[in-house]
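K.L.:
Let me begin by handing over the structure; questions about it come next.
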Amino acid sequence: GPVRVLVFGGSLRADSLNGRLAALVARLVERTGAAVELAHMRDFTMPVYDGDVETAEGLPPGALALRERIEACDAFVISAPEYNASVSGVLKNAIDWVSRVRPQPFKDKHALLASASPSMVGGNRGLWALRVPLEHLGTRVYPDMFSLAKAHEGFTESGDLSDSALQERLADTAASFVRLVEADTRYVCLQRR
Ligand code: FNR
């Protein structure tokens with residue numbers, strides 16, 4: 001079957017710019033023939049990690065929900081906000097909770113990272129910070145990343161990018177990413193035979 005790609009924005013805000021970028025990436029990934037699931041970070045709301053809570057109760061429901069979605073996909077796309085030149089606490093906390101599961105859900109998944117920000121750099125520094133925990137956990141983070149600068153004025157009403165050349169670049173990145181995931185997934189299947 002087609003490769004399964006989970007796409008979600010990393011911000012809890014209803015009107016999140018990263019949520020908008022995630023919705024666009026989901027459409028572009030779908031065009032490549034992949035099976036896409038779009039999620040919202042609010043589906044994965046969870047308390048701040050506490051080892052005592054983990055010992056007493058295990059993972060909270062929001063973390064279990066994210067764990068299930070990660071386990072069910074071959075690849076995921078996160079559109080992540082940049083907070084203070086780094087990854088947001090919300091996302092890092094979610095990664096920390098889910099990383100406690102065995103077998104560890106992030107291992108050997110593919111990830112494409114994107115960001116949107118009203119700033120001129122588009123939140124790109126946050127993506128370099130987001131790579132660190134994901135790569136540590138064995139996720140194959142795609143080398144190319146996509147950052148949308150001035151994102152508050154970057155979208156048309158239909159949810160496309162106002163800059164059509166930029167949207168073409170995003171579509172190309174999404175397509176190349178899916179091709180890599182497809183090739184790797186086929187290779188793993190052959191090895192398991
Ligand atoms: C920000 N923002 C921000 N933007 C940026 O480009 N670089 C940064 O370092 C920061 N730092 C930062 C810290 C905190 C605590 C907040 C709340 C915000 C602005 C941020 O990019 C903006 O709020 C985006 O709209 C957040 O993404 P969503 O929620 O629209 O997806």
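Yes/no matrix, rows are residues, columns are (1) among the charged types (D, E, K, R); (2) part of a strand (DSSP E or B):
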site: S147; (1), (2): no, yes
site: S158; (1), (2): no, no
site: L166; (1), (2): no, no
site: R169; (1), (2): yes, no
site: D172; (1), (2): yes, no
site: F177; (1), (2): no, no
site: L180; (1), (2): no, no
site: A183; (1), (2): no, no
site: C189; (1), (2): no, no
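K.L.:
If you take the residues of the range 81-131 that are of a type in the set (F, W, Y) and outside any helix (DSSP H, G or I), which of them is farthest from the ligand (Cβ to nearest atom)?
P.N.:
Going residue by residue through the range 81-131, those that are of a type in the set (F, W, Y) are 83, 97, 106, 128.
Now restrict to residues that are outside any helix (DSSP H, G or I): 83, 106.
Details: Y83: 4, F106: 22 Å.
Looking at the filtered set, the residue picked out is F106.
Here's the yes/no breakdown for (1) more than 14 Å from the ligand (Cβ to nearest atom); (2) more than 15 Å from the chain's Cα centre (by Cα); (3) surrounded by fewer than 16 Cβ atoms within 10 Å (Cβ to Cβ); (4) modelled with pLDDT under 95:
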site: R140; (1), (2), (3), (4): yes, no, no, no
site: A151; (1), (2), (3), (4): no, yes, no, no
site: L161; (1), (2), (3), (4): yes, yes, no, no
site: F177; (1), (2), (3), (4): yes, no, no, no
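K.L.:
Here is a follow-up. Just checking, how many residues over the range 1-25 are of a type in the set (G, A, S), within 16 Å of the ligand (Cβ to nearest atom) and surrounded by fewer than 22 Cβ atoms within 10 Å (Cβ to Cβ)?
P.N.:
Adding up the residues that qualify gives 3.
K.L.:
Something else: Inspect all residues belonging to the range 62-72 and state whether any of them is buried (at least 20 other Cβ atoms within 10 Å of the Cβ), of a type outside the set (A, V, I, L, M, F, W, C) and away from the ligand (no atom under 16 Å from the Cβ).
P.N.:
yes
The values are calculated or read from the model by the stated rules, or taken from the named source; none is laboratory data. Just so it is clear, the structure is predicted and the values come from calculations on it, not from any experiment. Ideal geometry is used to build each Cβ from the backbone, glycine not excepted, and the neighbour counts take in all protein chains shown.
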